Amino acid sequence: MINATREDNIRRIISMEDRALKCYRCPELQRCVRKPNLGKGDLEPEAVFVFESANNFNEDIDNLLQLRKNISTAYGINKIYHTFLVRCQPKACPAITNLSCYGEDAKLIDKDYKCILTNSLCDGVPIRPTDTQIVSCLSYTIEEIAILNPNYIFLFGERVGDFLLKSWGVFADKEVPYILQYEDNNIFVVDYEEKFDESYCNEVKALLKS
Ligand code: SF4
Ligand code: SF4
């Protein structure tokens, strides 16, 4: 990983996001999202959080702020960026039964987030992505982390840890939570974000001393 200025980071992140916004690797996901979820936060971050995909928990700004506060307090980290392993949010939905008259790849959600099948706001339920969807989207996250090159990387969920660590050639095979070093980065592989309250944060911090 290389050191770069904030301007370099902005330019390279925008280039990566442009490609993600035009990406058609997962048509089954794209038909029910307006656009991929892009990373947000400080572009010279001390820490990058990686969530598996957008969900009801991490889309709630209060939950996100509390999570950032817990980690800022525990580790003295203030500059934080968060992103997703799979950018187009997978959803479960009974409305997707017969798409023959629309075509399998047709966009089902309009600019106002209304479903063209039900004529009401999309009420698909966020679900976890498949392994295939993770593999399809993985390159964007690897590129994003390489650009931002943070000191701390928090991988939320065993699958996030598993896929990213293997992509870096690291085979940890440990029970979460655990911490390891990769190049100059401290990598925290922890449970899903829903579990990361103050007490869990302290439990993970204690691993640093053990
Ligand atoms: S409500 Fe419509 S747009 Fe939303 S997930 Fe279901 S089929 Fe897709
Ligand atoms: S989930 Fe990722 S790989 Fe799949 S279409 Fe969206 S941006 Fe592309």
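The values are calculated or read from the model by the stated rules, or taken from the named source; none is laboratory data. Just so you know, these numbers come straight off a predicted model, no measurement behind them. With ideal geometry, Cβ positions are generated from the backbone for all residues, glycine too; neighbour counts draw on all protein chains shown.
Residues in the stretch 100-112: is at least one among the hydrophobic types (A, V, I, L, M, F, W, C), within 16 Å of ligand 2 (Cβ to nearest atom), surrounded by fewer than 16 Cβ atoms within 10 Å (Cβ to Cβ) and at pLDDT below 95?
For the stretch 100-112, residues among the hydrophobic types (A, V, I, L, M, F, W, C), within 16 Å of ligand 2 (Cβ to nearest atom), surrounded by fewer than 16 Cβ atoms within 10 Å (Cβ to Cβ) and at pLDDT below 95: present.
Counting just the residues of the stretch 106-131 that are under 13 Å from Glu52 (Cα atoms) and not in a loop (DSSP other than H, G, I, E, B), which one comes out nearest to ligand 1 (Cβ to nearest atom)?
Pro126
When you go through Leu121, Leu165, Leu207 one by one, which is the residue that is at pLDDT 95 or above and either crowded, with 20+ Cβ neighbours inside 10 Å or closer than 26 Å to Ser72 by Cα (or both)?
The unique qualifying residue is Leu165.
Please verify whether the stretch 54-68 includes one or more residues that are closer than 24 Å to Leu208 by Cβ, surrounded by fewer than 20 Cβ atoms within 10 Å (Cβ to Cβ) and among the aromatic types (Phe, Trp, Tyr).
No - not one qualifying residue is present in the stretch 54-68.
Where in the stretch 1-98 are there helices (runs of 4 or more DSSP H), lying wholly inside it, with at least 2 residues that are of a type in the set (S, T, N, Q)?
Counting at least 2 such residues, we get 6-21, 61-75.
Please tell me if Ala206 is part of a loop (DSSP other than H, G, I, E, B) and over 23 Å from Gly39 (Cα atoms). Walk me through how you get there before you give the answer.
Details: part of a loop (DSSP other than H, G, I, E, B): no; over 23 Å from Gly39 (Cα atoms): yes.
In short, no.
Sort through Glu175, Glu183, Glu158 and tell me the only one that's out of contact with any Cys (no Cβ under 9 Å at 6 or more places or on another chain) and closer than 20 Å to Ile77 by Cβ. Break it down stepwise before answering.
Numbers: Glu175 fails: closer than 20 Å to Ile77 by Cβ; Glu158 fails: closer than 20 Å to Ile77 by Cβ.
Step by step, each of Glu175, Glu183, Glu158 is checked, and only Glu183 is out of contact with any Cys (no Cβ under 9 Å at 6 or more places or on another chain) and closer than 20 Å to Ile77 by Cβ.
Go through the stretch 23-81 and count every residue that is over 23 Å from Val189 (Cβ atoms), within 16 Å of ligand 1 (Cβ to nearest atom) and touching a Leu at 6+ places or on another chain (Cβ under 9 Å).
4
Of the conditions (1) within 15 Å of ligand 2 (Cβ to nearest atom); (2) modelled with pLDDT under 95; (3) of a type outside the set (Asp, Glu), Ile127 satisfies every one except a single condition; which number is it?
The failed condition is (2).
Can you tell me which residue is farthest from ligand 2 (Cβ to nearest atom) among those in the stretch 14-55 that are small (Gly, Ala, Ser) and out of contact with any strand residue (DSSP E or B) (no Cβ under 8 Å at 6 or more places or on another chain)?
Among them, the one singled out is Ser15.
Quick test for you: out of Tyr24, Tyr81, pick the one residue that is among the aromatic types (Phe, Trp, Tyr) and over 17 Å from the mean Cα position of the chain (by Cα). I'd like the intermediate steps shown before the answer.
On the way: Tyr81 fails: over 17 Å from the mean Cα position of the chain (by Cα).
Matching residue, one of Tyr24, Tyr81: Tyr24.
Restricting to the stretch 173-204, name every residue that is modelled with pLDDT of 90 or more and either of a type in the set (Val, Ile, Thr) or at positive phi (or both).
Of everything in the stretch 173-204, those that are modelled with pLDDT of 90 or more and either of a type in the set (Val, Ile, Thr) or at positive phi (or both) turn out to be Val176, Ile179, Ile187, Val189, Val190, Val204.
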